[in-house]
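Derivation of every value follows stated rules applied to the coordinates shown; laboratory data play no part. As the structure is a computational prediction, the values presented were derived from the model and not from experiment. Positions of Cβ are backbone-derived with ideal geometry, glycine not excepted, and every protein chain shown enters the neighbour counts.
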Amino acid sequence: MITSAAVAIAEARIGRRGESVYSGRARTIIERSYLAFRSSTWIVVATGFLEPVLYLVSFGFGVGKLIGKIEVAPGHFVSYAAFIAPALLATSAMNGAIYDATWNVFFKLRFDRVYQGMLATSLGPLDVALGEIGWALLRGMLYAIAFMSILGGVGLITTPWALLAIPCAVLISFGFAAVGMAVTTYMKSFEQMNLINIVLLPMFLFSGSFYPLSIYPGWLQAFIKVLPLWHGVALIRSVSLGIFSAALIPHILYFVVMIIFGLYFTTRRLTLLFMR
Amino acid sequence: MPTEKSDELITAKGLSKLYGDFVAVNGIDFSVHKGESFGFLGPNGAGKSTIMRIIAATLTRTSGEITVLGKDPADRGPEIRAHLGVVPQQDNLDQALSVTDNLYIYGRYFGLSRKFINAKIEELLDFAQLTEKRDAKVEMLSGGMKRRLTIARALISEPEILMLDEPTTGLDPQARHILWDRLFRLKEQGVTLLITTHYMDEAEQLCDRLMVLDKGSIMAEDSPAGLIKKYVTKEVLEVRFGSERNAEVSEQLGALCARIEVLPDRILMYADDAEKVLEEIHKSGLHPVTSLVRRSSLEDVFLRLTGRTLVE
Ligand SMILES: Nc1ncnc2c1ncn2[C@@H]1O[C@H](COP(=O)(O)OP(=O)(O)OP(=O)(O)O)[C@@H](O)[C@H]1O
Ligand SMILES: [Mg+2]
């Protein structure tokens, strides 16, 4: 048996858990996305980021003029712009992640044979899943950081704790990217892909982004609280105001579960689609 | 031919693959030895790609046994694939990347260092005669260039086994010869080649040993020369009497040769001395519209084994 460098690298992992699906090289998939991204246009990236900024300007500073302070926690009042800013940050993390994890992945799955190429090497499906989700998450993170700087610039960051919103945004991006890619692996046509957008927009509008959930009847509140974006909004809203309590734990767990489910199903589907 | 166990890189026993109820590979046995060039020859749908993908651990078998380098592809995928260079039937180059980046990132997928890859890239660009196209996007390449790049890419990890699924389909004769030359060189370097093809000349040129497949089953297995010797005579006489008369004269002609095969457009007469058969035809007062004496080929073997021509 000839031991090439590639073989030595693969054999070094023998006996590790999950060796049949994972080779510990998800980063090379991210590197591939970076190489492809270098030659793509920045405009697409910029527009994705602009969306929440526009909402902030029109709703926060426009509609906000008509609205007084909003009570976010007992005895804790903030301006309307400060109320919606964390929600827009969460949404921006979601959008950034979703874009790459859904549409871009869909093209690669159905039209390119990129994943077949990757899976013919010593990579496993979990490497591909993690790498693609990781790249989507980077985009979500980039949007979140850019949006944070804008918030800082217009004076909407009032406590250093707000910086913790960034790791929270990463968590949110990760969750959405993982589930987004998993869902995309089941999609067969453009019509089905559009369903994703049809779900995301109302979720954004009704997840307590623009007004407190208390406006809704009990049953609707309960429903919204099952949706992921509400957890993201609630998490970032608390953190960016420096309000910490055990109530944040379920929000964090929600995303951890999304990540685990997303990775599991993506890996499984890649295996079914390309290795069966 | 080496036959020791230790020399077997790939061994299959009773290997089967079903897609639903459809049997694509039907309980086949074979083994591939170190350093040889092994070919799967068969018409469309014979199961060639299916077998290649099972070996490359990107398709799971339905039943039977297979070991690749002593390991089971069903549960040691990444490890096995580290030994393989795979050239799929349909190119799956990364359209978003340049020629060089395609080679580079493939090396990265195998976990190779940048230094190692960058040195290798120069060698491979030269090997594939793509140095001038190094910065071109893949979509700018011709079909032949893409094929050469796919082969170069498969070599980035210095694989022990190179798997080529119809490496030259769609290429012009010149491009095919260039590719064959490249494959010969690899073989000389000790790389084991696994090739599928439905081109006879390719099989004859490239393969030490051939497995003739049809509908998922093995029809025969030997060296190209061995197959010809075993299943057909040295030479063939092809005669045409026009499509209506072919069947009519066949009985009379049958007596003149070892075996006769009547196709819709021509009659194939197998004999060790075909010139002589032609003379006798003329003597007997029959006058074919056209006649051709040629050496027997794998095409004739295939016809003999399956009653069908390989490429319709
Ligand atoms: N994913 C699949 N689902 C169902 N049937 C399949 C699938 N893939 C291949 N088949 C069938 O299995 C048989 C063998 O296919 P395979 O691709 O292995 O043939 P092949 O010998 O490579 O043919 P070709 O020369 O056309 O490439 C064919 O009849 C094909 O229709
Ligand atoms: Mg095929």
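Every Cα-Cα pair in the protein assembly as shown was counted, and those over 34 Å apart are 54% of them. Among beta bridges identified by DSSP and lying wholly in the protein assembly as shown, the antiparallel ones come to about 70 percent. Taking the helices alone, chain B has a mean residue ellipticity at 222 nm of -10500 deg cm²/dmol, built from -39,500 (n - 2.57) per DSSP H run of at least 4 residues and averaged over all its residues.
How many angstrom separate the Cα center of segment B:56-109 from the Cα center of segment A:104-147? So the separation of the two Cα centres works out to 18 Å.
Name the shape class, rounded, prolate or oblate, that the alpha-carbon gyration tensor gives for segment B:5-227, where a ≥ b ≥ c are the square roots of its eigenvalues, rounded holds for a/c under 1.5, and otherwise prolate holds if a/b is larger than b/c and oblate otherwise. Since a/c reaches 1.5 and a/b is larger than b/c, the shape of segment B:5-227 is classed as prolate. For peptide B:272-280, the mean count of partner chain Cβ atoms within 10 Å of a residue's Cβ comes to 0.
Given the C-alpha centroids of segment A:1-64 and segment B:262-312, what is the distance between them in whole angstrom? That distance is 61 Å. Distances between placed amide hydrogens fall under 5 Å for B:D214 paired with B:M219, all partners being 5 or more residues away or on another chain.
By the gyration tensor of its Cα atoms, with a ≥ b ≥ c the square roots of the eigenvalues, what is the shape of chain A: rounded for a/c under 1.5, prolate for a/b over b/c, or oblate? Because a/c hits 1.5 or more and a/b exceeds b/c, chain A counts as prolate. Volume of the convex hull of segment A:140-276 (Cα atoms only), normalised per residue: 130 Å³. Comparing mean-square fluctuations of B:T196, B:T150, B:T131 from a GNM of chain B with C-alpha springs under 10 Å, the top value falls on B:T131. Note on segment A:231-276: Cα-only Rg and Dmax are 15.8, 50 Å. Comparing A:S238, A:S92, A:S173, which has the greatest mean-square fluctuation in the GNM of chain A with Cα pairs linked when under 10 Å apart? Greatest mean-square fluctuation among the candidates belongs to A:S238. Among the trypsin sites (Lys or Arg not before Pro) in segment A:1-56, those placed in a DSSP loop whose Cβ has at most 14 other Cβ atoms within 10 Å are A:R16, A:R17. Here is the list for segment B:1-65: GluC sites (Glu not before Pro) lying in DSSP coil, each with at most 16 other C-beta atoms within 10 angstrom of its C-beta, are B:E4. Look at the Cα gyration tensor of segment B:132-179: its axes a ≥ b ≥ c give a/c of at least 1.5 with a/b at or below b/c, and that counts as oblate. For segment A:56-71, backbone phi angles converted through the Karplus equation (6.51, -1.76, 1.60; θ = phi - 60°) give residue-by-residue couplings of 4, 5, 6, 7, x, 9, x, 4, x, 4, 7, 10, x, 6, 10, 8 Hz, Gly and Pro being listed as x.
Exposed loop sites are taken as chymotrypsin sites (Phe, Trp or Tyr not before Pro) in a DSSP loop (any state but H, G, I, E or B) with at most 15 other beta carbon atoms within 10 Å; the longest stretch of chain A without one runs A:1-110. Amide H to amide H, with H built 1.01 Å from N, B:I195 comes under 5 Å of B:F38, B:G39, B:F40, B:L164, counting only residues 5 or more places away or on other chains.
For segment B:224-292, trypsin sites (Lys or Arg not before Pro) are listed when DSSP marks them as loop and at most 16 other Cβ atoms sit within 10 Å of their Cβ; the list is B:K234. Peptide A:124-137 shows a mean partner chain C-beta count of 1 within 10 Å per residue C-beta. How large, in Å, is segment B:233-295 by the Kirkwood hydrodynamic radius built from its alpha-carbon pairs? The answer is 11.2 Å.
Inter-chain neighbour count for B:56-65: the average number of beta-carbon atoms from partner chains within 10 Å of each residue's beta-carbon is 2.
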